[in-house]
Amino acid sequence: MGAIAQKPAGNFNKQWQQIDSLITLADLPKTALLKVDALYKDAWRTKQVAQSTKALLYKLYLQKQGQKNIDSTVQQLRREIGRALTPLHKSILETILAATYYEYFNNNRWRMYNNTQVAGADSISITQWNANQFHEAITTAYLHALQQPAVLQQTDITPYEAIIVKGNSP
């Protein structure tokens, strides 16, 4: 398996600072989303997995602020999973999908317990899923994220520092 060459993350620092300023200081989420889309396309074109993943996370966050519906968010994540560049990239995206399902379920749990099982759940809106369908989707996404444990354990995470939030433990 060949490594994917990555441009140093520093090349994106100025863009990220501008995006963060648009979100937090200027309260311009739509403008920030446009900048994130441009950064995402540049990162994807240059095979910057960590930067494109970070941009995807920002896109999802900003779209959620703009009330984009959950079905389009899930479709977007599934598309990204289908075109993941590395096993680790795919695992990260599967984990994001599972977390998206989990968050939506937790925020709407009261509704889910009243829904009945619907056949062909992949073809309907997930807003109509019941609790069991959510539990199954969450579990499946997390299990898919861990399908290649040996590869994941041997992967150097240094190129992914753009999306790693470091704590204060060694």
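Each value in this text was obtained by applying a stated rule to the coordinates, not by laboratory testing. Owing to the predicted nature of the structure, the values given are computational and were not obtained by experimental measurement. Glycine gets a Cβ as well: all are built from the backbone with ideal geometry, and neighbour counts include every protein chain shown.
For Thr139 and Gln65, what is the calculated FRET efficiency with R₀ set at 30 Å and r taken between the beta-carbons, to the nearest 0.05?
On the way: r = 28 Å, r/R0 = 0.94.
Using R0 = 30 Å, I get an efficiency of 0.60.
Take the Cα gyration tensor of the chain, multiply each eigenvalue by 5, square-root it, and list the three semi-axes largest first, rounded to whole angstrom. Please list the in-between numbers first.
Numbers: eigenvalues 168, 95, 39 Å².
Each semi-axis is √(5λ); the values are 29, 22, 14 Å.
Once the Cα gyration tensor of region 36-107 is found, what semi-axes does its equivalent ellipsoid get, as square roots of 5 times the eigenvalues, in whole Å, sorted largest first? Working shown, then result.
On the way: eigenvalues 82, 43, 16 Å².
For region 36-107, the ellipsoid semi-axes come out as 20, 15, 9 Å.
So, R0 is 22 Å and r is the distance between the beta-carbons of Arg83 and Leu57; what FRET efficiency does that work out to, to 0.05? The value I calculate is 0.85.
Tell me, what is the percent relative contact order of the chain, built from C-alpha pairs under 8 Å that lie six or more residues apart?
Details: 141 pairs, mean separation 37.2, N = 170.
Worked out over the chain, it gives 22 percent.
Taking a threshold of 22 Å on the Cα-Cα distance, which of the pairs Lys30/Lys90; Lys41/Lys166; Lys30/Lys64; Lys30/Lys54; Lys35/Lys64; Lys14/Lys41 fall above it? Beyond 22 Å: Lys30/Lys90; Lys41/Lys166. Extension gain for Gln153-Gln17 works out to 45.8 nm (0.36 nm per residue, less the C-alpha to C-alpha distance).
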